[in-house]
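Encoded as structure tokens, the structure appears first; notes follow it.
FYI, it's all coordinate maths here, none of it is from the lab. Just so it is clear, the model here is predicted, and its values are computed rather than measured. For neighbour counting, all protein chains shown are included, and Cβ atoms are generated from backbone atoms with ideal geometry for every residue, glycine included.
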Amino acid sequence: MRHFLNLADAGGDAVAAMIADAIDRKAARAGWPKARPDADKPLADHVLAMVFEKNSTRTRASFDIAIRQLGGVPMILDAGTTQLGRGETIADTARVLSRYADAIMIRTDDHAKAEELAEYASVPVINGLTDLSHPCQIVADLLTIVESGKALPGLELAWLGDGNNVLASLIEAAGLFGFHVRAGVPQGYEPDANFVEAARAKGVRIDIMRDAREAVVGADLVVTDTWVSMGQDHAHNKVAAMAPFQVDERLMTGAKGDAIFLHCLPAHRGEEVVDAVIDGGQSRVWDEAENRVHAQKSILLWALGKL
Ligand code: CP
Ligand code: NVA
């Protein structure tokens, strides 16, 4: 069973194959109407169930269009309006959804819930974000980086702000693809230690830095995300600790001249990033958002054994 709870479930070769497939499929349908299925309809007659225990714009919309472009059908379940929201167990939900759908995507808080769903499902389970990690986002990010003309091995990635789920999956990708991470994060907001250790064990540098300007020196890409993730308090002391890590135009001048800026979105303009950067010439955030569709088509194809 090909679950995709973290990038390592697929491994570097399979993620590289996803990126290559996404590039090909994206090119093959350039200029097509968005709802027209790909010519080969590789997931015709397939159903993707999506369970949302947290809000989403991109993950929800991009998986919806992704399964349609593959010839399949989306089924969206907002947990609050399902029996899951009234206490039906994850295990029973997994057993039932496996009878209706060919794959299940879940967005939830505790990563253990996604693992439990995978344990009891008889179809592949895809992590659409947990408090621990966000692997689908990172396949789209890797696609965006490759499209910008940068090779992944040896890349210097600067992260600014909170050591959150998105950074955890970027660090995992660093280990799989041989790039380095300079994480500028305040004390107490470091990324998950297991992801850091696993990446370092593969021989890449994961530097935890306390100075934002130092973190961006020589960076090929600068990445940030919200200072307050879903489910967290908008605590005054956290926001204050993050303030020196805001990505502004001056900070971007410390990176390489051809550095690109990425943000998984939603952005909190004026907090982790200023308008001039997210709307500026180095920003690739709208391509990054579009690439969620292309990347997730390839993730679905891998999970269902078609890649
Ligand atoms: N980047 C991302 O996962 O966005 P959503 O929360 O809108 O799905
Ligand atoms: N770190 C953010 C990502 C949102 C896509 C969160 O978990 O809320």
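At-a-glance table
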{"read-out": "Hz values of 3J(HN,Hα) by residue in segment 153-158 - Karplus curve (6.51, -1.76, 1.60), Gly and Pro given as x", "value": "x, x, 4, 9, 10, 9"}
{"read-out": "Interchain or long-range residues, amide H under 5 Å from residue 189's placed H", "value": "none"}
{"read-out": "Spatial separation of Cα centroids for segment 228-295 and segment 15-91, in angstrom", "value": "26 Å"}
{"read-out": "Derived scalar couplings ³J(HN,Hα) [segment 92-98; Karplus, 6.51 cos²θ - 1.76 cosθ + 1.60; whole Hz; x for Gly, Pro]", "value": "5, 4, 4, 4, 6, 4, 5"}
{"read-out": "Part-to-part distance (alpha-carbon centres) for segment 106-161 and segment 164-205, which is given in Å", "value": "13 Å"}
{"read-out": "Nearby aspartates and glutamates by direct alpha-carbon distance to residue 41 (threshold 19 angstrom, same-chain neighbours under 8 apart not counted)", "value": "21, 24, 64, 102"}
{"read-out": "Extension gain (nm, one decimal) between residue 83 and residue 306, 0.36 nm per residue minus Cα-Cα", "value": "77.1 nm"}
{"read-out": "Extension gain, residue 61 back to residue 28 (0.36 nm per residue minus Cα-Cα distance, nm)", "value": "9.8 nm"}
{"read-out": "Members of 54/238; 113/150; 34/238; 150/238; 113/238 lying beyond 31 Å, as alpha-carbon distances in this model show", "value": "113/150; 34/238; 150/238"}
{"read-out": "Label-to-label distance, nm, for residues given as residue 268 and residue 256 (7 Å Cα→Cβ offset)", "value": "3.1 nm"}
{"read-out": "Set of aspartates and glutamates with alpha-carbon distance to residue 256 below 13 Å, sequence-local pairs under 8 removed", "value": "156, 214, 220"}
{"read-out": "On Cα atoms only, tilt of 285-303 relative to the major axis of the chain in degrees", "value": "40 degrees"}
{"read-out": "Placed amide H near residue 209: partners under 5 Å, 5+ positions off or other chain", "value": "183, 184, 185"}
{"read-out": "Table column - 3J(HN,Hα) (Hz), segment 11-21, Karplus curve with 6.51, -1.76, 1.60, x for Gly and Pro", "value": "x, x, 5, 5, 5, 4, 5, 4, 5, 5, 5"}
{"read-out": "Relative contact order %, the chain, counting alpha carbon pairs below 8 Å whose residues are six or more apart", "value": "20 percent"}
{"read-out": "Degrees between helix 135-147 axis and first principal axis of the chain (Cα, 0 to 90, nearest 10)", "value": "60 degrees"}
{"read-out": "Inter-probe distance in nm under a simple model that places probes 7 Å from Cα toward Cβ, at residue 214 and residue 1", "value": "4.6 nm"}
{"read-out": "Between helix 111-120 and the chain: long-axis angle, C-alpha atoms, 0 to 90°, nearest 10", "value": "20 degrees"}
{"read-out": "Cβ-derived FRET efficiency at R0 41 Å, residue 233 paired with residue 99, nearest 0.05", "value": "0.60"}
{"read-out": "Distance between modelled label sites at residue 75 and residue 190, nm, 7 Å Cα→Cβ extension", "value": "4.4 nm"}
